[in-house]
Structure formats: C-alpha cells, structure tokens
Number of protein chains: 4
Amino acid sequence: MALTGTRKWLNEVIFGTDTPAGKYFDVVLIWTILLSVALVLLASVQSWWVRYGDIFFALEWFFTALFTVEYLTRIYCAQDRRSYIFSFYGIVDLLAILPSYLALIYTGASYLMVIRLLRVLRIFRILKLVRYLSDANLLVRSLWQARRRILVFYASVLVLCIIFGSVMFVVEGPKNGFTSIPKSIYWTIVTITTVGFGDITPHTAWGQTIASMTMLIGYSIIAVPTGIVTAELAHELGREKQLARCHNCGRAGHDADSEYCKHCGYKLEDFEPTHGD
Amino acid sequence: MALTGTRKWLNEVIFGTDTPAGKYFDVVLIWTILLSVALVLLASVQSWWVRYGDIFFALEWFFTALFTVEYLTRIYCAQDRRSYIFSFYGIVDLLAILPSYLALIYTGASYLMVIRLLRVLRIFRILKLVRYLSDANLLVRSLWQARRRILVFYASVLVLCIIFGSVMFVVEGPKNGFTSIPKSIYWTIVTITTVGFGDITPHTAWGQTIASMTMLIGYSIIAVPTGIVTAELAHELGREKQLARCHNCGRAGHDADSEYCKHCGYKLEDFEPTHGD
Amino acid sequence: MALTGTRKWLNEVIFGTDTPAGKYFDVVLIWTILLSVALVLLASVQSWWVRYGDIFFALEWFFTALFTVEYLTRIYCAQDRRSYIFSFYGIVDLLAILPSYLALIYTGASYLMVIRLLRVLRIFRILKLVRYLSDANLLVRSLWQARRRILVFYASVLVLCIIFGSVMFVVEGPKNGFTSIPKSIYWTIVTITTVGFGDITPHTAWGQTIASMTMLIGYSIIAVPTGIVTAELAHELGREKQLARCHNCGRAGHDADSEYCKHCGYKLEDFEPTHGD
Amino acid sequence: MALTGTRKWLNEVIFGTDTPAGKYFDVVLIWTILLSVALVLLASVQSWWVRYGDIFFALEWFFTALFTVEYLTRIYCAQDRRSYIFSFYGIVDLLAILPSYLALIYTGASYLMVIRLLRVLRIFRILKLVRYLSDANLLVRSLWQARRRILVFYASVLVLCIIFGSVMFVVEGPKNGFTSIPKSIYWTIVTITTVGFGDITPHTAWGQTIASMTMLIGYSIIAVPTGIVTAELAHELGREKQLARCHNCGRAGHDADSEYCKHCGYKLEDFEPTHGD
C-alpha cells in the first residue's frame, strides 16, 4: 500500500533524505540527539546536579516530549508500522523515551538515566543514509571477513591469560594482591593488552620475571589482529577501488586519487562503490 | 588392527566427529570442561571457598569422576593405546584428573588446583576437528614462517632492555626504586612494551629524559613484529584464497567473498583450503 | 612586480634556499628557534626560574628582538606583503614575538609564555623547502586519503566509549572513583587506548569483568587505524616508487633501493618524486 | 700478508666459523658471555652482593682474566692488528675487560659495573656469522629504507608533544603535578605512546578532556610507524623471496615455503639470499 497525503509527506521528511525538508529534519535531529546526550552526561556530575538539578529536570522532559512526538509520528507515517516498532531502531527509539516515564513510577534509579544514552545509537540511523557510511561498510566488511580468525585469536588469548594468570596466582599469591585466580586473570588481561593500570603489580623476583615474559608475548600478540585486519582491509580496499564507477558513464577502474573520470572527464567527487550496503 | 563391536562404537563416539553421537559427545564434553574450569576459578576466591567449600569439593569430585571414566574409556577404545597415553593430549587428560587424587595424599597444595586448569587445553583437541581451526592454521603458519625474524627481533629487544635498564639503574639509583639492574630491566620491559604499571617511575630530570627516549623507541619497535606478522599473513592469505577449492567441481581461484562457485554454481559455504594441517 | 636591489637580495636570503647565503640563514634560524624554545622550556622550571630568572629574562628579550627584526625584514622584503602577514606562517611569526610585548602590559600570565612555544612550528617552514618534507607529504597524503575512514572510526570509538563508560558508572559507582559519566568515559578512553594510568580502577568483580572486555575490544580496535594507514601508505608508496624520475634522463620506474639510474647510470641520490607538494 | 702456523690456526678458531674448532669456540664464548652478563646482573642486587660478595668478586676476576686472554690472543692472531683494535668490536672487547682493572684504582664506581654489560654486544659479532642474521639484515634494511620517513614522523610527534605538553601545563598547573613544561612534555610522551605510568594524571575536567584528545590522537599516530615499517618490510620480503637461490643449480624464484628446489629437487633448507650483508 502506497502512502498518500500528509502521511506520505511526513514519511518523506522523517524517514527520507532526498527532499530538502528531509535533510533539514535530519540535521535538526542529530543536534537534538547530541544535546540530549550531553545533558545526560552533565546531569551525572554530582555537583552540577545539586546546583542545576531543576534546569536539567526541565530540559530532560523537554527532550523526552520532543522524542515522544517524533516516535508517535514515526509510527503514524511508517510504511509498515509493525515492522518499524519491532525493528532495531524502533526499539532504540522507544528506549530513548521510556526511562523518563518509568522514573515517574520508580524513583532514583540511576541506570534508567544510562539507558537514555542509547539515544546516541540513533545517530547511526541518520548517518546510514549519508555517503560516509560506505567507508564504515568497508571497515565492517573487513572485520566480518576476518571474524573467524579474530575468534580463534581471542580464544587463544583467553587460554593464554588463564594459564599465565594461574601461574601468577601461585607465584605471587594473595599477599601481593593476586587474591584469586579470576583476579590474576584480570591482571594478565590488563598486562597482555599493554594497558597496565598498576593497581596490582608483581613484587617477587619470579613474579616480575614471569610478568616480563607475559609482556613480551603480549607485545608480539598485539601484532596478530593488526595483521589480520590490515590484510583484509588491503584486500577490500583494492577491490573497492577497482569497482568504483563513474556516475556519468558508469565505467570503473579509476585510481584512488582520480578526481575526474578517465573515460569521460566527469567530476568523480560523488562517485560511490557499486556493491550494496 | 581394526576395532570391532563396542570398542569400535566407543572409538567413533569419543574420538570421532562424523556420527551424530560423536558430535553430541563433543558438545557435552566442551561444556563439562568449561564448567569444571569455571569451578576451579571460583574456588580460588577466598570468600566463596569459605562459604561454599563443601559444594565446590563435591562438584570437583563429580568432575574428576567423570573425567576419570572418560580417560579410562579413551584408553580402552584407543586404536593404539600406548601412543594415546604418551601423546600430548593423553598427558593433558591425565593431568586433568591427577591433582584431585594427589590432593588426598598431599593436602593444601594450591598449585595442584592450578594444574587442573590445564583442562582448558582439552578444548583445543575438540576444536581441532572443527573447521574453525583452519584459520588457526593460517595464523600458526604465518607465525612459523616468521619465527626466525621474531627471534632476531626479541634478541635485539632484550639487548636494548639490558642497556637501557643499566643506564636507568646508574641514573636513577636505588633511592628512586631502581634497586638493582634486573629490576631496572624489568622496568625497561614494562616501559618499552608500553604497559607502564607505574610501580617504578623515574623521578630525576635525566631519568625522565631517558625514559622518554625509551618510550619513543619502544613506540617504533612495536611496529616491527606487526610488520613481520602482517607481511607474512598477507602472503599466506593470498595463497589460501588462491588455493581454496569448490567441493563440487574441485576448481580453485574463487574470490574471498564468493558465496557460489564461479565454475559450477555450487554453494561454497563449506569449502575448505586444500593444504593439510 | 619583480623585486630589485637590497629587497631582492634579502628576499633570496630570507625566503629562498638556493643561494649559499639563504642556506646559511636557514641553518642559523633553525638553531635560534631551537635555543629560544629550549629557553622557554627551562624557564618554566620553578627552581631554575628562581635562580636564573634574570638571565632567562635577558635572553628572552634578546630572542624577541632578533625575531622582531626578522619579522619586520620579512614584511619589508616579501613579494606580496599583505598575503605574507595573513598567511599561516606570517601569523605564527607574529605570535612568536607578541607575548613578550604583551607581558609588559599584562604581567604574570603564564599562558603567554606558552604561546612562545608556537615558534617551534616555524621550523616546519624551513624544513618545507628541504627534501625531507617529500616524505612528510607521503605521510600527509596517506592520512588525507584515509580521512573519511578515520572519521568513521573515531565516531564508532566515541560511541563505544560512551556506552562502556555509562555501564561502568552504573556497575562501579562513585564510591570506586567513577564519580560521573564523563569521568567514566575518560576512564574508558584511557583503557581502550591501552594507556591505563591507574588513577581510576575497577574494584568490583563485575567492574573488572567489564574492564577486561573493554581492554580486549580495544586490543582489536587498535588494529583498525593501523590497517587503514598501512593500506593507504602501501598504496602511496607503490605509486611514489613507480613515479620517481632520474634527474639526468628523466625516466622513471627504478627500484626503491637503486643507487644508479638503470637507464643512464646517473647517481640517483638526489632524485625526487614527480608529483608536486 | 697471509698468516701461517699457530697464528693462522688461532685466527681460524677465534675469528672463523668454518672449522669444527671454530664453531666449538663460538659456542663456548657465547655461554661465557651470557654467564658473565648474568653475574653482573645478579651482583647488582644489594642483598645478594652482601651475602655472596666474595664469590661474585672472584667470578668477576675469573671472567675478566678469560676475556683478557681472549683479547690479547685476538690482537696476536688478527689479520690486521690496528684495524681490529680500532674496529667497533675491538673497542667493545676492550670495554668488556677495562672496568675490572679500573676498579682497582677508582673504587666504588657503580657505573663501571654497567660498562661490563656491553659484553652482551659481543654476542652479535658471533651471531653475525650465523645465518640467523640474514633475517636481521632484512629488518635493518627495512628500517634503513624508512629512515627519513621515521625521522619526519618523530619530528612531528615531538612538536605535537611540545604543544600538548604546554597546554596541559597551563590547564592543570603545578598543583596537579604538572610542575614545569618539560615535565608536562614528559607526561605527554608517556601518554601519547600509551605507556601511561600514572605518576602524573590530570585532575581537572578540562585536563581530562585534553588528555582524552591526546590519547585518541596518539592512538591514530601509533599506526603511522607500523604502516611505514610494514610497507617497507612487505616490499623487502617480496624481493628477498624472489631473489633466493638454490645452492645446487643456482636458480631463483622459489615459493617461501618450498622445501625442495623446483628446478633440480635439491633440499633448500640452507638456501640463502643472494644479496650481500
């Protein structure tokens, strides 16, 4: 069923990006989302909440009202209402407004506030329609191609962490902060990823020797995901550059830094990859 | 000598993966191993051991009994008993049950508990049979190809750490935490791998200058193993993609993201590399 | 309008690098800049300022006088005065001397001192004329080619940091140092980039579990920009090596480590890429 | 002048590696060096020195005597004595024994002990003769090819560190540990290289925001040297694999994992690159 009248126009503005009104709506929405997210961040600072609590409260309801209207309008003008409501972004849209209403019933639940931060995910929906996302696609596709290799890699890292963690637990023991095997594994992950908080550190000579080995191994290991991703990314990048087509004559095979189509001289700036998202 | 009767059936179930019973056995075994490993981890937490010590003790014996039965059955139905017992996984299987029995004789040895964690290695045997491991092979082969380069690299890093460590020992001295050359070398490894615990830090101006140099050098050095692994991985990846064959027509040369054989249209999802493990 | 007489000669010396006097001027200027930057750095050390304050003050005015003379001479002998004054380096030249004069009016403003450090940017102008910068061009071009990918990457990392930061705020709470969501996000950035200061660390079991996940994800993520830059750099490097021309016969296509032109035997040491900056 | 008699035989044993005696001498020397280095490391531990000081002292003189005899023999049997004495390794050989003799005159100088650690460099001379070093050559050549790029990169990082360091000095100030600009630059290097000791950390909201930016930038920057080295290494690796020749028929072009020459079937295990060191 094709939409007609106001519903069709609303659909074009809210879901579409091709009309000027649709583009304008998207820009306004992005800023509204960013402002509402900034509000949640600032409201979590104790001293500011004490001082500006009333303003934060009022602004929060202002944004909630805005997003509620938007949510209801989206349901009203959606092509297929059921599929919108139960889609990923439909649920995110609901979660973005629900906490404020729930806070009326259950008071003082700080994690309700956090759910509001999921609003930030809504930005991706809008960006999805813009050409920037074709680059994200390349990244996502590279990671997807490498998913099994990354899984195998993580499994090996975890086994390594369990073994090194247990050895450190035996060598250093509870008196040096390695109070349990899970905590030793936490320390091993902190060390092998080169984060190194320093909240737990080895104190015995043997502990420091094993820690040194852990670090040097982690050092080599950090190379593996980089190698996997780089290899896949270089492959994808090569394919994309090969496949990109001119908008005018439709022919492909341009260099990555070409500004004009080498077949017809058309400006290439808006050219895009041929593969779907 | 070919196995017959019950022994043959047990061998298929326990060592094989082709029959439904064999697959089912593997899945159950993986979960049993993971649960028993989780149990050892949790039992090492002091407060939980005090509270649930009895339950942990009972569960530990339950798993030990299970693995003992499995171990004996494996010996019973193995094609070649001697070679199973002295194989890598045969010894891991034994080490997975031995600590519990030894604990009856020697009490209170915490490292006996840790040996139990070697059970986690048993998971690799099962995974070995699944297709995920062909990716591990690629990783392992890349690392193996690069083994000499990595060795040379580690030797250079160690010499660098000894030299920088000694210099820091002279510059900072025991009063700033650099109590001995081995400890200074430990600090240098912590720094050059960018872990940076912060348990020992330079306090003098010269010490901080040399530390800065150490970090900037470590920064460049971290690029070397990455470069080695990436170069090898890209080479191996290229070869693998070139060699992969269709299961139906047996022809190779498909793109990495092909879903259907370009020669016969057969679904490629289960295609696998031609080289052995 | 072509410059004549003294103005022309000054222009060649100050802006040019082809005459011996021009090269000599550049070398002297680089050392003067480095010394004046070192002076600002040392003058910021409290104990040295107390002891050698007078010397620092005198030297600072000496350098200011020198740079003022240079700035005025540059204006005097510039081809197009207006465009020099409002160019990037023209403003940097002004900012390099302004703070000393402003300090006569507003006293005790420590950030005025910091603005002097912008002098360090002046070194790039001089280097720009030397062949070293053709390598910088390669780096800059690679980063520029990858700008959209890097933007998409940073956006995803920020969203990830907001989500993980909020979860840590809920799990750990103010009593463990996670006093607000912005501070939790700061902790997440510190952790996901593997810096790991250790000023804020998780203390609860759940917090440490989520922290471990954050680290392991950050571990994989660190591979992405490396992959992007490597892929672009390898592409650019290949193009540059292909395009480099011999100065004698003008033919290209030499190997990266060729010392003599393979077409005419001319020494290649000073060969340079054909593309402009 | 060709050597004769005992001098020739000694030269073959000490400098050469082709005779069995020469190989045996190298192995013994490597172990002696490693033991003497280990001795210096252990002697620097205060508590061990107090307890085993006499043994350390005796062993040190034993090793010094050994290396003195070796040094004199090397001078005696060198092809060209003068060029040996003033060569890099000739000076390292002298520095390896000098500190012990100097300690008789100047007592208690701890940095004399450190000079002894330069003995570790002697290992490289021996390794130089072994085939492992052809891999080091590849690494060194890659780094050498990329030297200008790496220089430009370091210059940019330093300028970035100076600018970020000064900003942090202004924002955080002495009361939060950023006591001077050099110290702030030290902090910036610690942060941008993702080491993150945590001895100095930002405490103000603005400081933490700028620190977050520093980290995210450092995050991207860490990709640059990796990209440079990887691109060069991949190029060198490709060339080496292409150039490697069979020892039997002298033909090149084998795959990296070939075990037998594809032209004549000769075992390739000892094949080596054709380019000189």
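Details
- Projected label points at D:Leu95 and A:Tyr154, each 7 Å from Cα along the beta carbon direction, are separated by 4.8 nanometres.
- Take each residue in D:33-42, count the other chain C-beta atoms within 10 Å of its C-beta, and the mean is 2.
- The alpha carbon centroids of region A:12-34 and region C:8-26 are separated by 56 Å.
- Carbon/sulfur fraction of accessible area - region D:5-132, other protein chains in place, 1.4 Å, %: 72 percent
- With all protein chains in place and ligands, DNA and RNA left out, the 1.4 Å accessible area ranks D:Val157, C:Val50 as C:Val50, D:Val157, largest first.
- Among the residues of B:44-55, the average count of other protein chain beta-carbon atoms within 10 Å of the residue beta-carbon is 2.
- Among the protein heavy atoms, those of C:Trp49 account for about 110 Å² of accessible surface (1.4 Å probe, every chain in place).
- Label-point distances for D:Phe57 to the equivalent site in the other copies, using a point 7 angstrom along Cα→C-beta, read 5.7, 5.7, 8.0 nm when ranked shortest first.
- For region D:20-179, a crude dipole built from +1 on the beta carbon of Lys and Arg and -1 on the beta carbon of Asp and Glu, taken about the Cα centre, is about 560 debye to the nearest 20.
- Gain in span if fully extended, A:Thr73 to A:Leu35, counting 0.36 nm per residue against the direct Cα distance: 11.6 nm
- Exposure of C:His235 as accessible area (Å², to 10), given a probe of 1.4 Å and all protein chains: 70 Å²
- Of the residues C:Asp26, B:Asp80, ranked by 1.4 Å probe accessible area with the largest first, the sequence reads B:Asp80, C:Asp26.
- Ordered by 1.4 Å accessible area with all protein chains kept, A:Ile105, A:Ile150, B:Ile33 run largest first as A:Ile105, A:Ile150, B:Ile33.
- Summed over both chains, the area buried between C and A is near 4100 Å², taken from the accessible surface of protein heavy atoms with a 1.4 Å probe.
- Note on region A:133-243: with charges restricted to the Cβ of Lys and Arg (+1) and Asp and Glu (-1), its dipole about the Cα centre is near 220 debye.
- Peptides C:15-22, D:217-224 ordered by packing proxy, namely the average of other Cβ atoms within 10 Å per residue, highest first: D:217-224, C:15-22.
- For region B:20-87, the Cβ-based charge dipole about the Cα centre amounts to some 140 debye (Lys, Arg positive; Asp, Glu negative; other atoms uncharged).
- Remark: spin-label model distance C:Leu3-B:Arg81 equals 9.8 nm, labels positioned 7 Å along the Cα→Cβ axis.
- Note on region B:133-243: Cα-only Rg and Dmax are 18.1, 61 Å.
- For region B:49-116 versus region B:144-176, the gap between their alpha-carbon centres in whole angstrom: 40 Å
- Only protein heavy atoms count here; on that basis, with a 1.4 Å probe, A:Val28 has an accessible area of about 70 Å².
- Theoretical FRET efficiency, 1/(1+(r/R0)^6), r = Cβ-Cβ of C:Leu66 and A:Thr204, R0 45 Å, to 0.05: 0.20
- Here is how far apart the A:Tyr89 label points are across copies: 4.8, 4.8, 6.8 nm, shortest first, using a point 7 Å from Cα toward Cβ.
- For the rotational copy relationship between D and B, the axis lies nearest to a chain D beta carbon, identified with its distance in whole angstrom as D:Gly198, 3.
The values are calculated or read from the model by the stated rules, or taken from the named source; none is laboratory data. All values reported here derive from a predicted model rather than from experimental measurement. Please note: Cβ atoms are built from the backbone with ideal geometry, for glycine as well, and neighbour counts cover all protein chains shown. Surface areas here come from the heavy atoms of the whole protein model, side chains and all, with no ligands, DNA or RNA. Shrake-Rupley method; radii C 1.70, N 1.55, O 1.52, S 1.80 Å.
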